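The values are calculated or read from the model by the stated rules, or taken from the named source; none is laboratory data. Remember, predicted model here, so these are calculated numbers, not experimental data. Counting neighbours? That spans all protein chains shown, and the Cβs are built from the backbone with ideal geometry, glycine included. Heads up: the accessible areas ignore ligands, DNA and RNA and are worked out on the full protein's heavy atoms, side chains in. Shrake-Rupley method; radii C 1.70, N 1.55, O 1.52, S 1.80 Å.
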Amino acid sequence: MDAPRLFDSPASPPTTRAITVKVLRDGPSGLDQAQRRADNARYQEVTCRSALNPVTGMPFQWTLNPYRGCTHACHYCFARRYQTQFALGPDDEFSSLIFVKVNFPEVLRRELEKPTWKRDLVALGTATDPYQPIEGSYKLTRRALEALVASRTPVGLVTKGPMVVRDADVLAELGRVAHCTVHISVPTVDEDAWSALEPGTAHPLQRLRAVRALRKAGVNAGVLLAPVVPGFTTERRRLEATIRAVAEHDAAFMGSSVLYLKDGTKDHFMGFLREEFPHLVAGYERLYPGSYAPAAYVEKVKGLVNELRQRYAVGARASRMADDRAADPVPTMAPETVAQQMFEWAGSPMESASRATRVGAAVTAGPADR
């Protein structure tokens, strides 16, 4: 079945390579086929030559991403830097210009039907969310899942979109014929931190209700507290509130990892801090001289997260840390976050700037045990 034609665009949309050439020549404004919708984002239909993307060094062998760019607009998203592959910036262009691979399910089905396909583990939604709102119109993710069921291919899916509940029937069937694990990202249930860091996402409790609904439908579904963001979600009371909510919504498991900042994502995130939370900038500059936070914070947070997990009896597979996750046959998060480590950083951006000095001191001296 062909993808629905939402816009009056050419019968054969351009390839992603042609889009890159056009942007290099004319800039983003040159994408005159990109159609603006009610969410004020522009959607550019493209065709892809392949759907399965091979990866190495991960607990899975292949990734699938039917969309590029994401209207969830999470300021910390590591995938922002991938937008530079299309000669686009990691800032607003990541969240306001979305590429829709309209032939994605058909290409995937052909790849899965090849005699050489070995039914390796596939991760769906690693570079952009497969259940961002536009999926309601195109249904590329659902049709991709149906192809995976037909080929009996095991899948790990990562999303922040409660729309995943729409496909509970296909996900449950995939779990029966192969293997399927759904990881719903809920970094925090704190209202202030959520609204600051994830401006385009559904409410955290709506996502947790999706976890519960999937579990009732027979889907192996759990939660990622990923990433843990310094100064926003690292206080004990915020972590405790989130882990308690995860347990209350019957998550089968919980994983967690720390924020890391690389290339374009780091540029965007630091710009976000300078504009919205300037009192945190100095602390972040000390904490992130490179892409990762110091390992000194790791053990402290491991202990705190494990303590809270045990207190609230999160599911039997709950909260294994980055150092032992590699042994897990199920992909527990987006590829580059597997290597992240966890830590605690005292201080909160919602607190007054007068505390900035103490926050900076805490970064230097080590995390506070709150």
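General remarks:
Rundown of residues vs (1) modelled with pLDDT of 95 or more; (2) more than 13 Å from the chain's Cα centre (by Cα); (3) farther than 19 Å from residue 227 by Cβ, yes/no style:
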| site | (1), (2), (3) |
| --- | --- |
| 133 | no, yes, yes |
| 137 | no, yes, yes |
| 153 | yes, yes, yes |
| 163 | yes, yes, yes |
| 168 | yes, yes, yes |
| 192 | yes, yes, no |
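- Residue 175 vs. criteria open to solvent by 20 Å² or more (accessible area, probe 1.4 Å), among the small types (Gly, Ala, Ser), modelled with pLDDT of 95 or more and in a loop (DSSP other than H, G, I, E, B): no
- Residue 250 satisfies every condition listed in (1) assigned to a loop (DSSP other than H, G, I, E, B); (2) modelled with pLDDT under 90; (3) among the charged types (D, E, K, R) except (2).
- Any hit, segment 233-243, residues being among the hydroxyl-bearing types (Ser, Thr, Tyr) and under 20 Å from residue 165 (Cα atoms): no
- Looking across segment 277-294 at every residue that is surrounded by fewer than 18 Cβ atoms within 10 Å (Cβ to Cβ) and either β-branched (Val, Ile, Thr) or under 23 Å from the mean Cα position of the chain (by Cα) (or both), the one that is modelled with the highest pLDDT is identified as 281.
- Condition check for residue 161: surrounded by 20 or more Cβ atoms within 10 Å (Cβ to Cβ) and either aromatic (Phe, Trp, Tyr) or in contact with a Pro (Cβ under 9 Å, 6 or more places away or on another chain) (or both): yes
- Long-range neighbours under 9 Å by Cβ, at least six apart or interchain, first residue free of Cβ contacts under 8 Å to residues at least 40 places away in the same chain within segment 174-203, second among the aromatic types (Phe, Trp, Tyr): 203/194
- With respect to the conditions (1) buried (at least 21 other Cβ atoms within 10 Å of the Cβ); (2) assigned to a loop (DSSP other than H, G, I, E, B), residue 226 falls short on a single one, namely (2).
- Counting only residues that are surrounded by fewer than 21 Cβ atoms within 10 Å (Cβ to Cβ), touching a residue at least 24 places away in the same chain (Cβ under 8 Å) and not aliphatic (A, V, I, L, M), segment 49-61 holds 4 of them.
- Hits in segment 254-275 - residues which are open to solvent by 10 Å² or more (accessible area, probe 1.4 Å) and hydrophobic (A, V, I, L, M, F, W, C): 270, 272
- Residues that are of a type in the set (Val, Ile, Thr) and under 15 Å from residue 53 (Cα atoms) within segment 117-137 comprise 122, 126, 128, listed in sequence order.
- Taking the criterion of being crowded, with 23+ Cβ neighbours inside 10 Å and out of contact with any Gly (no Cβ under 9 Å at 6 or more places or on another chain), the residues of segment 178-187 that qualify are 185, 186, 187.
- Residue 267 passes every criterion in (1) over 28 Å from residue 210 (Cβ atoms); (2) without any contact (Cβ under 8 Å) to a residue 60 or more places away in the chain; (3) not hydroxyl-bearing (Ser, Thr, Tyr) apart from (2).
- Checking segment 85-106 against the condition returns a match, with at least one residue being in a helix (DSSP H, G or I), out of contact with any Ser or Thr (no Cβ under 6 Å at 6 or more places or on another chain), open to solvent by less than 30 Å² (accessible area, probe 1.4 Å) and modelled with pLDDT of 95 or more.
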